[in-house]
Amino acid sequence: MGECWERGTATFMILGNQCTRACRFCNVQSNMRPAPVDLDEPERLANTALAMELKHVVITSVARDDLPDGGALQFARCLSKIRELGPTLTTEVLVPDFMGNEQSLNLVTKESPNVFNHNLETVRRLTPRVRSKALYDRSLALLKLAKTQNPQMRTKSGLMLGLGEDDDEVLQALIDLRAHNCEHLTLGQYLRPSAWHHPVQRYVNPEEFSQWGNVAKNLGFSHVESAPLVRSSYHAEEGV
Ligand code: SF4
């Protein structure tokens, strides 16, 4: 957090703090009927970014499967308001999968965030066990479609290690991401938020993270962050 502060980067979670999904690795509260969309949120977000003198703003959200557009329009409104009030700020979105809806995705991509991030989170085999309602192939397809809709954006994804995946599966996930035009990658250690959550299967040592970082670079990822404490927005501004 200190590093981000010095670099003028912060991450904001929009669309409330209650999620319509319940992933087994995530500590966000679940609720099938979250609060209505707050139409003042985009302006407050932009003004906060300016007041904090940020250079790079990361916007993420809970999954809002209760909304017809999955919350995509609110992402678009936030990007638009940031561009209006702080045109020199760079932006990254870390989006849910919008159930793979092409029109919803296009609401976000046409606002041209510098970086479009959607996390794969884990390998194919573990996806049904740890992610809620998400599909491995749908996440891959979303990344590819986003890049097709707006080739100017950098595409980005991330995985947690330590959930029970093996090396071959991690390698395949990285190959799959590259095959779907994903350009940037984050790899970090999974930590269990509570006893209800999926147990940590393994602590991956820092040397192994470095090796995965090299593997990823060799596969063609242009920006890679791979270390135990790396999270999706770690050093995010470097990927612009
Ligand atoms: S969709 Fe995102 S916010 Fe919701 S439970 Fe899963 S990881 Fe957490």
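Tell me the net charge near GLY16. Cut-off is 12 Å between Cβ atoms, GLY16 excluded, with +1 for each Lys or Arg and -1 for each Asp or Glu. Taking every other residue near GLY16 into account, the sum is -1. Using alpha carbons only, how many degrees (0 to 90, rounded to 10) separate the axis of helix 167-179 from the longest principal axis of the chain? Helix 167-179 sits at roughly 40 degrees to that axis.
Pairs of lysines in segment 2-239 whose Cα atoms sit within less than 24 Å of one another amount to 18, provided the residues are eight or more positions apart or on different chains. Accessible area per residue for the chain is 47 Å², calculated with a 1.4 Å probe on protein heavy atoms, without ligands, DNA or RNA.
The phi-based Karplus calculation (6.51 cos²θ - 1.76 cosθ + 1.60; θ = phi - 60°) puts the 3J(HN,Hα) values of segment 79-85 at 4, 5, 5, 5, 5, 5, 8 Hz, whole numbers, x for Gly and Pro.
The C-alpha atoms of the chain define a longest principal axis, and helix 206-219 lies at about 70 degrees to it.
Taking K and R as +1 and D and E as -1, what net charge do the other residues with C-beta under 15 Å from the C-beta of GLU6 add up to? In short, -2. The angle separating the long axis of helix 136-149 from the principal Cα axis of greatest extent in the chain is about 50 degrees. Plainly put, segment 2-239 has a radius of gyration that is 0.94 times its Kirkwood radius, both from alpha-carbon atoms, as the Rg/Rh ratio. Normalised by the number of residues in the chain, the mean separation of alpha-carbon contacts (under 8 Å, six or more apart) gives a relative contact order of 18 percent.
Close amide H contacts of THR91 (hydrogens built in the peptide plane, cut-off under 5 Å, sequence separation of 5 or more or a different chain): VAL57, ASN114, VAL115. Placing +1 on the Cβ of every Lys and Arg and -1 on the Cβ of every Asp and Glu, with nothing else charged, gives the chain a dipole about its Cα centre of roughly 420 debye. For every other residue with a beta carbon closer than 12 angstrom to the beta carbon of PRO199, add +1 if it is Lys or Arg and -1 if Asp or Glu, then tell me the sum. Neighbour charge sum, excluding PRO199 itself: +4.
The values are calculated or read from the model by the stated rules, or taken from the named source; none is laboratory data. What you see is a predicted model; the values in this text were computed from it and never measured. Ideal geometry is used to build each Cβ from the backbone, glycine not excepted, and the neighbour counts take in all protein chains shown. Just so you know, the surface numbers come from the protein's heavy atoms only, side chains and all, with ligands and any DNA or RNA stripped out. Shrake-Rupley method; radii C 1.70, N 1.55, O 1.52, S 1.80 Å.
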